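> What follows is a structure written as structure tokens; I'll ask about it next.
The values are calculated or read from the model by the stated rules, or taken from the named source; none is laboratory data. Everything quoted here is computed from the prediction, not taken from an experiment. Please note: Cβ atoms are built from the backbone with ideal geometry, for glycine as well, and neighbour counts cover all protein chains shown. Quick note on the areas: whole protein, heavy atoms, side chains included, nothing else; ligands and nucleic acids left out. Shrake-Rupley method; radii C 1.70, N 1.55, O 1.52, S 1.80 Å.
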Amino acid sequence: MTPFRANMMDKVLNWIASHDDEPPYLLIDREVLQEKASIIGKGIKNSKVFYAVKANPDIDVLRFINSLNMGFEIASEGELAILEELKVPPHRIITSNPIKTFKFLKYAVQYGIDYFAFDSHAEVDKMAKYAPGKKVYVRLTVPNEGSEWPLSKKFGVELEEAVELLLYAKKKGLEPVGITFHVGSQCSNIYNWYTAIDKAKQVKEMAQKEGIEIKMLNIGGGYPIEYIKKVPDVETIESKIDAILQKNFPDTEIFIEPGRAVVGDAGIFVSKIIGKAKRGSENWLYIDVGVFNGLMESIGGIKYKYIVGSRGEESEWTIAGPSCDSFDVIDKGVVLPEPDVGSLILILSAGAYTISYASEFNGFSIPKTFLI
Ligand SMILES: *Cc1c(COP(=O)(O)O)cnc(C)c1O
């Protein structure tokens with residue numbers, strides 16, 4: 001166990017022992033959050049960090065991140081409303097959603113946000129009307145190989161079209177300033193950033209020939225966290241990326257939009273074991289948080305690490321959530337000592353993309369979040 005995890009575990013166990021809130025709930029450790037925030041971006045010269053709010057939009061989490069002076073990346077009116085409540089100044093907010101709702105776009109402009117992503121002519125037309133004169137950056141498609149949560153299919157354009165879109169934006173009275181991409185979430189493959197930066201460099205050079213100066217490169221999110229597999233750490237990734245940026249984008253302002261890497265490791269889900277059964281040769285464990293009320297990413301392949309209090313004999317378990325839907329299976333083949341029904345199970349690195357996905361399907365309420 002890494003030192004931060006050992007400290008965090010002590011804190012979490014103390015918190016559980018001294019509170020009588022009913023599970024399931026998510027605990028977020030301030031110190032881990034602060035540590036992650038202090039590391040990310042440090043290795044990249046001339047960079048600004050914008051936390052991707054969708055990873056965890058809990059208001060106390062956002063308030064804390066705001067107190068650390070980080071920026072925010074948002075995509076919707078709901079996310080902006082929370083930031084407005086926290087009085088986050090507009091210059092610390094960007095929006096990288098290439099296809100924005102009308103409602104959000106108008107609100108963002110009224111709030112004073114300056115930076116907007118796009119990847120289509122239709123979006124340029126929309127922004128020319130509702131966000132005239134704003135700074136815009138074009139989203140490229142880049143390889144997402146080796147990312148556990150790929151994001152490449154839905155958005156982005158190839159090189160020539162990117163240049164053409166930047167020109168079109170200029171013609172329509174917007175201010176084309178930059179390029180963005182996303183290598184895919186939970187990306188352990190450093191080559192994805194190399195390829196992406198190389199593509200961005202080609203766009204920069206082509207745009208320059210057409211009279212457009214690229215002043216900003218937004219390298220997106222994607223930094224991985226440690227679930228069950230070792231991943232390259234942020235310092236390593238950033239030192240490698242920075243070397244390439246120094247060569248290809250020496251005078252360009254760099255934006256980074258991490259979500260998972262900021263909050264993921266800071267979160268531990270506290271859940272209760274509500275049942276056990278033997279089905280054929282399989283051992284099933286039923287817990288009170290599942291696919292619908294917090295662990296949605298498990299169906300996309302994210303595998304969590306679990307801790308139970310028992311010291312019994314180890315065997316393999318299929319872990320399922322509390323709902324009556326057969327889709328609600330979180331994991332299979334998890335080796336655990338046999339726990340008692342009614343005891344707790346801790347789910348590690350659960351701070352990102354958990355509560356933000358949760359629904360009240362089947363009447364199970366959305367777990368609370370506590371900042372500890
Ligand atoms: C979701 C998202 C992020 C954050 O990605 P992580 O993998 O959580 O770091 C950043 N930028 C954009 C545009 C996103 O959609």
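> Return the loop-located trypsin sites (Lys or Arg not before Pro) in region 144-181 (DSSP other than H, G, I, E, B) with at most 14 other Cβ atoms within 10 Å of their own Cβ; answer none if there are none.
Qualifying residues, ordered by number: K153, K154.
> Turning to a different aspect of this structure: Hey, what's region 260-370 come to in accessible area per residue, 1.4 Å probe, Å²?
So region 260-370 comes to 41 Å² accessible per residue, rounded to a whole number.
> Let me spell out the model: positive unit charges on the Cβ of Lys and Arg, negative unit charges on the Cβ of Asp and Glu, origin at the Cα centre of region 267-371. What dipole size does that give, in debye rounded to 20?
With only Lys, Arg, Asp and Glu charged at Cβ, the dipole is about 140 debye.
> Work out the FRET efficiency for Y194 and N362 from their Cβ-Cβ distance, taking R0 = 41 Å, and round it to the nearest 0.05.
Plugging the Cβ-Cβ distance into 1/(1 + (r/R0)^6) gives 0.40.
> What's the center-to-center distance, using Cα atoms, between region 166-201 and region 1-79 in Å?
When both Cα centres are located, 27 Å separates them.
> Could you tell me what percent of the accessible area of region 267-371 is made up of carbon and sulfur, with a 1.4 Å probe and every protein chain present?
Its accessible area is 52 percent carbon and sulfur atoms.
> Using the heavy atoms of the protein chains and a 1.4 angstrom probe, tell me the accessible area per residue for region 1-139 in square angstrom.
45 Å²
> In region 201-273, which chymotrypsin sites (Phe, Trp or Tyr not before Pro) are in a loop and have at most 10 other Cβ atoms within 10 Å, using DSSP for the loop call?
Passing both the DSSP loop test and the Cβ count: no residue.
> Which value, in debye to the nearest 20, describes the size of the charge dipole of the chain about its Cα centre when Lys and Arg Cβ atoms bear +1, Asp and Glu Cβ atoms bear -1, and nothing else is charged?
The calculated dipole for the chain is roughly 920 debye.
> Among 160-168, 231-239, how do they line up by average Cβ neighbours within 10 Å per residue, starting with the highest?
160-168, 231-239
> If you don't mind, there's one more thing I want to ask. At 1.4 Å probe size, with the rest of the protein present, what percent of the exposed accessible area of region 101-257 is carbon and sulfur atoms?
52 percent
> Please grab the % of Cα pairs in region 206-309 that end up more than 17 Å from each other.
Cα-Cα pairs in region 206-309 separated by more than 17 Å: 69 percent.
> Something else now. For the chain, would you read off the P(r) tail past 38 Å as a percentage of all alpha carbon pairs?
When all Cα pairs of the chain are counted, 22 percent exceed 38 Å.
> I need the helices of the chain that pass two filters: whole DSSP H segments spanning 27 Å or more by Cα along the axis, and mean Kyte-Doolittle score no lower than -1.0.
Going by DSSP H runs, the hits are 190-209.
> Here's something else I'd like to know. Hey, got a sec? Which trypsin sites (Lys or Arg not before Pro) in region 46-100 land in a DSSP loop and have at most 16 other Cβ atoms within 10 Å?
K87
> Which is farthest toward the positive dipole end of region 30-262 among L83, N69, W149, measuring Cα position about the Cα centre, with Cβ charges +1 (Lys, Arg) and -1 (Asp, Glu)?
The listed residue farthest towards the positive side: L83.
> Let me ask something else about it. For region 4-95, what % of the accessible area comes from carbon and sulfur atoms, probe 1.4 Å?
Taking all protein chains in place, region 4-95 shows 50 percent carbon and sulfur surface.
> Also: What do you get when you divide the Cα radius of gyration of region 2-53 by 2.2 N^0.38 Å, with N the number of residues?
Against the compact-globule rule of thumb, the ratio is 1.52.
> Related question: Find the relative contact order for the chain and round it to a whole percent, using C-alpha pairs within less than 8 Å whose residues are 6+ positions apart.
That works out to 20 percent.
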